[in-house]
Every structure is written in structure tokens, then in C-alpha cells.
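The values are calculated or read from the model by the stated rules, or taken from the named source; none is laboratory data. Predicted, not measured: the structure shown is a model, and the values here were computed from it. Every residue, glycine among them, receives a Cβ derived from its backbone with ideal geometry; neighbour counts consider all protein chains shown.
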Amino acid sequence: MNEAFVSAITPPTPLTKPAYWFIFNGRNLLVHVTEKQATVPQLHTPAELELTVIREQYMGYCTDPENGFHTMIADVATTETAVPPDMAFLDLRRLFGTMDDKMVWLAGRAVQLAEWNRTSQFCGHCGVPTVVQTHERAKKCPQCNRTIYPRLSPAIIVLIEKVNEDGPNELLLARSHRHPPGRYSVLAGFVQPGETLETAVAREIMEEV
Ligand SMILES: [Zn+2]
């Protein structure tokens with residue numbers, strides 16, 4: 001699936017059939033919900049759901065010859081909470097296990113691009129409105145020429161196992177104060193400027209243990 005998805009800022013061919021629309025209210029995604037599963041709506045336009053979009057962008061397309069599709073990303077105003085009865089805006093974490101894996105993967109991509117589109121409306125240096133570029137996914141400040149790309153934050157996550165000769169093996173887990181009692185996680189953290197992935201792993205273990 002990942003190989004068959006092509007990221008693009010404009011559709012290579014006109015959108016003649018409904019596209020998958022990843023519509024966000026903040027970081028929550030609009031999905032059709034049934035008792036067992038959630039699905040991303042396929043639409044010509046969000047107006048079909050009587051939603052008013054305040055930002056939209058093309059995300060890319062799937063090249064599968066039989067099941068190819070286009071994908072769009074949109075934001076509605078945070079005050080826009082009225083949705084059809086079988087739909088809801090849900091946090092992406094709640095969609096794991098209830099939504100098709102490829103759609104979860106695309107939703108993870110979409111939420112990051114929606115966040116970039118939302119937070120790069122103005123230059124962080126000058127405060128003037130930015131201009132969307134047409135040759136790459138970027139925005140430019142017309143005053144200071146700063147280019148704003150979608151932000152990537154490299155991170156590491158590691159499972160550390162202690163092998164015991166005369167007993168069961170043990171896993172090293174951490175508990176965050178944000179987690180409910182009894183929930184533990186493997187060690188994870190963001191890579192700092194100048195670090196390799198390996199030194200980030202070593203630092204996170206030192207910091208968290
Ligand atoms: Zn600027």
C-alpha cells in the first residue's frame with residue numbers, strides 16, 4: 001500500500017470520482033462510525049455533508065489499477081461540530097483497530113499536513129501572510145523569503161529486553177505521569193539537533209531510567 005501511494009500537491013488527473021476526504025476539526029478526524037468500524041468519507045466535496053471548509057489541500061493518490069483513489073485534506077472551523085448522525089470527529093488514537101490499516105496510515109499523514117497548513121498561515125518571523133508554493137509542498141514569506149515546509153520531528157522508540165538465564169526475560173518499561181495508573185510504555189523520545197538515532201536512544205534511557 002505505501003509503495004502505491006504517491007504524494008502530490010495537485011491531482012495528476014482531474015478528480016472525476018469521489019475522493020477520500022480527511023476532514024479535521026482541530027486534530028480530530030471526521031469518520032463514518034458503525035458499531036464495529038470507522039471509515040473515511042468518500043465525497044466530491046464536503047458541501048455534501050453541509051460542512052464549511054476553511055482550508056483544504058490535495059494529499060496524493062493511490063495508483064492501484066483497480067482501486068486507485070485520490071485523497072484530500074480539509075479543516076473545518078473548531079465551532080463546526082454538527083455532523084450527520086452516523087458520523088463523528090474522533091481522535092486518531094481511537095481509530096486504531098476500528099479503521100482499515102491503510103486508512104489509519106493515511107490519516108496519520110493527513111493530520112500532520114493539516115497541522116502544517118493550519119500553523120503556517122503567517123510567517124513566524126514577520127507575521128505577514130505566507131504564499132502557497134505551486135512546485136512543492138511549502139509556503140513562502142513574501143517579506144523575508146523564509147520557506148516553511150511540513151515539520152518532521154524524528155523520534156526513537158525502543159523495547160529493551162533483559163535476557164535472564166534462569167528465569168523469564170524482563171522488559172524495561174516507563175510510566176508517564178500522564179498515564180492512568182497501571183499503564184506502562186516502552187521508552188521513546190525525540191531526537192535532538194546533532195544527535196544520531198543511537199545517541200538519542202542512549203540519552204533517553206539515561207533520562208528516563
Ligand atoms: Zn517572513
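Which of the residues spanning the range 16-52 are among the β-branched types (Val, Ile, Thr) and in contact with an Asp or Glu (Cβ under 7 Å, 6 or more places away or on another chain)?
Once the filter is applied, which keeps residues that are among the β-branched types (Val, Ile, Thr) and in contact with an Asp or Glu (Cβ under 7 Å, 6 or more places away or on another chain), the range 16-52 yields Val33, Thr52.
Among Met72, Met103, Met87, which is the only one that is away from the ligand (no atom under 16 Å from the Cβ), of a type outside the set (Gly, Ala, Ser), touching a His at 6+ places or on another chain (Cβ under 6 Å) and touching a residue at least 24 places away in the same chain (Cβ under 8 Å)?
On the way: Met72 fails: touching a His at 6+ places or on another chain (Cβ under 6 Å); Met103 fails: touching a His at 6+ places or on another chain (Cβ under 6 Å).
Within the list Met72, Met103, Met87, the selection yields Met87.
Looking only at residues in the range 22-73 that are part of a strand (DSSP E or B) and among the polar types (S, T, N, Q), which one is nearest to the chain's Cα centre (by Cα)?
Asn28
Quick check on this structure: which one of Gly127, Gly108 is within 16 Å of the ligand (Cβ to nearest atom) and either outside the structural domain of Val40 (by TED's automatic domain parsing) or closer than 24 Å to Pro12 by Cα (or both)?
Just a single option satisfies the conditions, and that option is Gly127.
Here's the yes/no breakdown for (1) surrounded by 13 or more Cβ atoms within 10 Å (Cβ to Cβ); (2) over 30 Å from Asn28 (Cα atoms); (3) among the β-branched types (Val, Ile, Thr):
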residue	(1), (2), (3)
Asp100	yes, no, no
Gln112	yes, no, no
Asn117	yes, no, no
Val131	no, no, yes
Ala174	yes, no, no
Gly182	no, no, no
Leu187	yes, no, no
Met206	no, yes, no
Val209	no, yes, yes
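Within the range 150-172, how many residues are farther than 21 Å from Val111 by Cβ and loosely packed, with under 12 Cβ neighbours inside 10 Å?
12
Going by the structure shown, is Thr45 outside the structural domain of Thr34 (by TED's automatic domain parsing), out of contact with any helix residue (DSSP H, G or I) (no Cβ under 8 Å at 6 or more places or on another chain) and among the hydroxyl-bearing types (Ser, Thr, Tyr)?
On the way: outside the structural domain of Thr34 (by TED's automatic domain parsing): no; out of contact with any helix residue (DSSP H, G or I) (no Cβ under 8 Å at 6 or more places or on another chain): yes; among the hydroxyl-bearing types (Ser, Thr, Tyr): yes.
The answer is no for Thr45.
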